[in-house]
Amino acid sequence: MKKQIIFALVIMLFLSMAGITFAGDNPLKAQEKKVNASFAALIPADKIIGVDQFYQVYQDVMAGKKKAYLIDVRTHPEFYAFHIEGTDHIHSGHMFTIPKKIIDPTAEIYVWCRTSKRAIYTAGFLYKYGYKNVYLFNGGILAWAKAGHPFVNQFTGKFTINEYRKIPSDAEKSFRIREFHPY
């Protein structure tokens, strides 16, 4: 038993020296949560909306009844795979370009991502930049899909997602040949 404990400790020491961390060993994770919370605190509570409210805004904008920027802040591959038809796209890592595109600090801006994490950072930064009317679509693409609202892409046209998977299925991982793949 003593040899097994010593062996386990030696292995853990070797792995930690190699830069491999264990789930609870990441000191930056707690700090990242604090930073995310600080950006979330910049967004007024009345500017955080759910899928039903966003869907109404979306319909009003698409019908020309309302002027607003509807900005998906997911990555380029995520956006081109599927997105909400007629919406804008600026990768969250390029949020610094928004003041060049939207010069009115009172413009109505709605942002979302897959869940909400990147959109929280984007909305927080926009408030720091001086925008006054930024809305966070809380729940993002996952909430939109779960509500049964349609998506679009250049290859398939309009469609809905019946099951949104966070990770690929076993069948999807069992391919034999693919030139390029994300996993």
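The values are calculated or read from the model by the stated rules, or taken from the named source; none is laboratory data. Just so you know, these numbers come straight off a predicted model, no measurement behind them. Here the Cβ is made from the backbone with ideal geometry for all residues, glycine too, and neighbour counts use every protein chain on show.
Below, the figures for the structure above:
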quantity: Which listed residue, of F155, F125, is at pLDDT below 95 and of a type in the set (A, V, I, L, M, F, W, C); calculated: F155
quantity: Only listed residue being of a type outside the set (D, E, K, R) and in contact with a helix residue (DSSP H, G or I) (Cβ under 6 Å, 6 or more places away or on another chain), chosen from V51, V61, V35, V57; calculated: V51
quantity: Matching residues, the range 43-71, being touching a residue at least 60 places away in the same chain (Cβ under 8 Å) and under 18 Å from the mean Cα position of the chain (by Cα); calculated: I43, K47, I48, I49, G50, V51, F54, Y55
quantity: Residue within the range 70-89 that is of a type in the set (A, V, I, L, M), at pLDDT below 95 and touching a strand residue (DSSP E or B) at 6+ places or on another chain (Cβ under 8 Å) present; calculated: yes
quantity: Residues located in the range 68-99, provided they are touching a Pro at 6+ places or on another chain (Cβ under 9 Å) and of a type in the set (D, E); calculated: E85
quantity: Test: residue in the range 138-150 that is closer than 20 Å to H89 by Cα, in contact with a strand residue (DSSP E or B) (Cβ under 6 Å, 6 or more places away or on another chain) and of a type in the set (A, V, I, L, M); calculated: no
quantity: Matching entry among I109, I120, I98, I84 (being crowded, with 18+ Cβ neighbours inside 10 Å, farther than 23 Å from A41 by Cβ, touching a residue at least 24 places away in the same chain (Cβ under 8 Å) and not polar (S, T, N, Q)); calculated: I84
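So that you can scan it fast, the table gives a plain yes or no per residue for (1) over 19 Å from S38 (Cα atoms); (2) touching a Phe, Trp or Tyr at 6+ places or on another chain (Cβ under 7 Å):
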residue: F96; (1), (2): no, no
residue: A119; (1), (2): no, yes
residue: Y127; (1), (2): no, no
residue: P150; (1), (2): yes, yes
